[in-house]
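Novice: Quick one: the structure is below, questions incoming.
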Amino acid sequence: MTADKGVKDPTSEVSPAKADVDVDPVHAARFLDAIIENIPDMIFVKDAERLAFKKFNRAGEKLLGVARAELLGKNDFDFFPEEQARFFQEKDRNTLIGKALVEMEEEPIETANGRRWLHTKKVPVLDESGTPIYLLGISEDITERKQEEDARRRLAALVDSSSDGILSMTMDHVITTWNNGAQALFGYTAAEAIGKPVSLLLPPEHGGELFGIVERLKRGESVPSYEAVRRASDGRDLDVSVSTFLIHNKKGEIIGLSKIVRDITELKRAEAAATKARDEAQTANRELEAFSYSVAHDLRAPLRAIDGFSQALLEDCGDVLNEEGKQHLDRVRKSAQHMAELIDALLALSRVTRSELVQTTVDIGALARESLNLLQQTNPLREVEVKIQEGLVVSGDARLLGAVVENLVSNAWKFTAKRAHALIEIGSTSEAGTRAFYVRDNGAGFDMSYAAKLFGVFQRLHSAAEFEGTGVGLATVQRILRRHGGYIWAEALPNVGATFYFTLGEATSTQDQKGS
Amino acid sequence: MLPAILLVEDNPNDEALTLRALKKSNFANPVVVVRDGAEALDYLFAKGAHAAREKLPQLVLLDLKLPKIDGLEVLKALRADERTKLLPVVILTSSLEEQDLIQGYSLGANSYVRKPVNFADFVEAVRQLGMYWLVLNEIPPNLR
């Protein structure tokens, strides 16, 4: 619906300045009409009996989006939803009965242009005997103003509910606003803080940074938040983080500064604790290194003496020793040897935990081939069939992964020693979306019910008589793999063989791997 | 008189075993034993109790963990002095710690050998060391 249909512009008909409005009744009427038409607020008149529209101005047509021709003679129920019409009429009746102005500061009204908010005043028009004959209404469209006010109220609520201290000040640093967060932080109420200079919050030695920041903000630089020290009302110093913003008025002029102040005492405490923990860890690590160094040096020396002097005894006094005596000495020497190996293995284990991982590209297949070649060289009589898959490339510490492969491969070599036709396979498979490498042999295998013990330090599932070893190797392997974010497990059958699987904490791969 | 082998070793067992190993290899050089770092430097620089020392040794077998002044300090001191700068030094020690290896070589040791626990291996190591440093290797000119 357009508003201007059928409305003649009254100003074209009469120019009040020209006609004599005080004398000529026709011109006087037109003069008053012109005034009503041109008032920029909605003006309407209803008759007191039926509350039907008698008069309606242009601003009203624009507001409701209805031409007055449609409105005149009808009442609210013909145009508005029943609820609303009833509400209007109630107010109308109150006005007429009370014979006094009724004001509705905010009333919502559905128009052709959507919902608008009106500030409406209703006034009864009385005849000579004091009986209301008309109802006069004046409505100002306050929709925009209300929206602005609602937005402002929401922001104020945000500021008030914020746990951070939010305050604003003039360019001379006099505090102008102060939220609940600021009160909680500093201890001053709004009444105590507003109007005071911001130096109230600054400990004597601090605050110099304020000046440089304002200049930078004026130049349009964005200034990141910074750490500072502020003083609370009870004299305590507070560690805070401060963000500063310029406040502009509608014209774009700078009228003040606002600051958001956050208490970072807890944060700083956590940082200090973290630094302390890191230092303690480093000290512990250094102590561990010193300990390992001692172990390396001090434990081996007596072993050397045991072995050396046993040998000396054999050589120098061999002729007075019988066979049994010589065997005793042999056992003594072998024990000393074994202990030396254990010490070395433990040292290697501790070194694994201590050292930094150096990530490079590592070819597991190539490492396996190297280890197997070396084993074949030192055991030329053994015939072992080897199958190594291609593409076993991974990211990790080359030295440590080399130790893993060497350990698993030499285990496979060792435990297939009694097989006429030994077979060792190295490859990869897909396990729950991740890539798992495996070293498989057809050797002695083991009973799966003991599988949990496999990786414990010093745990062995075979007697030393069957297969030599320190029982530390797999513990080291597990530790290395754990440090890479991976893990190891095994499947085996006694007298059939064993497969050791391991992962390296790789991201889940969507590629299909070769092999099973 | 053949120049001596200086054995710097604080552990009496290791001392006895090293002497035994050297004897087995039948090297003709006399062996002088000093039992801490300070005494080692006294001997090398002909000071204190060893002021009467005539010739510099042909080879120094140096243990690392020593009382008073430790092995690496001894090495540093003898490399810093003109008289002993070129003296062949073999670090003979229990430790295979990477730090010791790095330090030892950085400070100018000629060789680094880890003492094996197995005596037979130890005898063999000493024999090889002796063959190399006492027989095959050419002595630096100023030490002749």
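The values are calculated or read from the model by the stated rules, or taken from the named source; none is laboratory data. Here the structure is a predicted model, which is why all the values come from computation and not from measurement. So basically every Cβ, Gly included, is an ideal-geometry build from the backbone, and we count neighbours across all protein chains shown. Note: areas computed on protein heavy atoms with side chains; ligands, DNA, RNA excluded. Shrake-Rupley method; radii C 1.70, N 1.55, O 1.52, S 1.80 Å.
Novice: Where residues in region A:154-176 are of a type outside the set (A, V, I, L, M) and surrounded by fewer than 11 Cβ atoms within 10 Å (Cβ to Cβ), which of them is modelled with the highest pLDDT?
Specialist: A:154
Novice: Moving on to the next point. Please count how many residues of region A:414-438 are within 49 Å of the chain's Cα centre (by Cα) and open to solvent by 10 Å² or more (accessible area, probe 1.4 Å).
Specialist: The number of residues fulfilling the criteria is 9.
Novice: Residue B:99 is checked against (1) without any contact (Cβ under 8 Å) to a residue 40 or more places away in the chain; (2) within 12 Å of another protein chain (Cβ to nearest Cβ); (3) open to solvent by less than 40 Å² (accessible area, probe 1.4 Å) and fails just one. What number does that condition carry?
Specialist: Of everything listed in (1) without any contact (Cβ under 8 Å) to a residue 40 or more places away in the chain; (2) within 12 Å of another protein chain (Cβ to nearest Cβ); (3) open to solvent by less than 40 Å² (accessible area, probe 1.4 Å), residue B:99 misses just condition (3).
Novice: Look at region B:48-64 and say how many of its residues are surrounded by 13 or more Cβ atoms within 10 Å (Cβ to Cβ) and either assigned to a loop (DSSP other than H, G, I, E, B) or among the hydrophobic types (A, V, I, L, M, F, W, C) (or both).
Specialist: 10
Novice: Which residues, counting only those in region B:8-47, are in contact with an Asp or Glu (Cβ under 7 Å, 6 or more places away or on another chain), in contact (Cβ under 8 Å) with a residue 40 or more places away in the chain and not charged (D, E, K, R)?
Specialist: Hits for region B:8-47 are B:8, B:18.
Novice: May I ask you to list pairs of residues, at least six apart or on different chains, whose Cβ atoms are under 9 Å apart, with the first in region A:41-52 being more than 16 Å from residue A:139 (Cβ to Cβ) and the second being basic (Lys, Arg)?
Specialist: A:47/A:54; A:52/A:46; A:52/A:74
Novice: While we're on this one: Taking the options B:112, B:105, name whichever one is part of a helix (DSSP H, G or I), away from chain A (no Cβ under 12 Å) and among the hydroxyl-bearing types (Ser, Thr, Tyr).
Specialist: B:105
Novice: May I ask you to list the residues in region A:242-268 that are in contact (Cβ under 8 Å) with a residue 12 or more places away in the chain, open to solvent by 50 Å² or more (accessible area, probe 1.4 Å) and part of a strand (DSSP E or B)?
Specialist: The answer is A:245, A:247, A:254, A:255, A:260, A:262, A:263.
Novice: Residue A:277: open to solvent by less than 80 Å² (accessible area, probe 1.4 Å) and closer than 30 Å to residue A:351 by Cβ, yes or no?
Specialist: Yes; evaluated as a whole, the condition is true for this residue.
Novice: Can you give me the ranges of the helices (runs of 4 or more DSSP H) entirely in region A:289-390 with at least 2 residues that are over 30 Å from residue B:23 (Cα atoms), away from chain B (no Cβ under 14 Å) and among the aliphatic types (A, V, I, L, M)?
Specialist: Filter on region A:289-390 gives A:364-378.
Novice: Still on this structure, please answer the following. If only one of B:41, B:7, B:22 is within 14 Å of another protein chain (Cβ to nearest Cβ) and either of a type outside the set (D, E, K, R) or assigned to a strand (DSSP E or B) (or both), which one is it?
Specialist: Sole residue among the options that is within 14 Å of another protein chain (Cβ to nearest Cβ) and either of a type outside the set (D, E, K, R) or assigned to a strand (DSSP E or B) (or both): B:22.
Novice: Given the structure, is residue A:187 modelled with pLDDT of 85 or more and under 29 Å from residue A:271 (Cα atoms)?
Specialist: Yes.
Novice: Pairs please, first residue from region A:303-315 and more than 14 Å from residue A:337 (Cβ to Cβ), second anywhere and among the charged types (D, E, K, R) and part of a helix (DSSP H, G or I), Cβ atoms under 8 Å, 6+ apart in sequence or on different chains.
Specialist: What qualifies is A:312/B:20; A:314/A:326.
Novice: Also: Using beta carbons and a limit of 8 Å, which pairs, at least six apart or on different chains, have the first residue in region A:147-165 and within 20 Å of residue A:225 (Cβ to Cβ) and the second one at pLDDT 90 or above and in a loop (DSSP other than H, G, I, E, B)?
Specialist: A:159/A:179; A:162/A:179; A:165/A:179
Novice: Go through region A:89-127 residue by residue and tally those that are loosely packed, with under 14 Cβ neighbours inside 10 Å, under 59 Å from the mean Cα position of the chain (by Cα), among the charged types (D, E, K, R) and closer than 20 Å to residue A:54 by Cα.
Specialist: Adding up the residues that qualify gives 1.
Novice: For region B:65-81, name all the residues that are surrounded by fewer than 14 Cβ atoms within 10 Å (Cβ to Cβ) and either under 17 Å from residue B:105 (Cβ atoms) or more than 14 Å from chain A (Cβ to nearest Cβ) (or both).
Specialist: Passing the criteria: B:80, B:81.
Novice: Oh, and also: Any residue that is more than 11 Å from chain A (Cβ to nearest Cβ), among the hydroxyl-bearing types (Ser, Thr, Tyr) and touching a His at 6+ places or on another chain (Cβ under 8 Å) - is there at least one of those in region B:25-37?
Specialist: no
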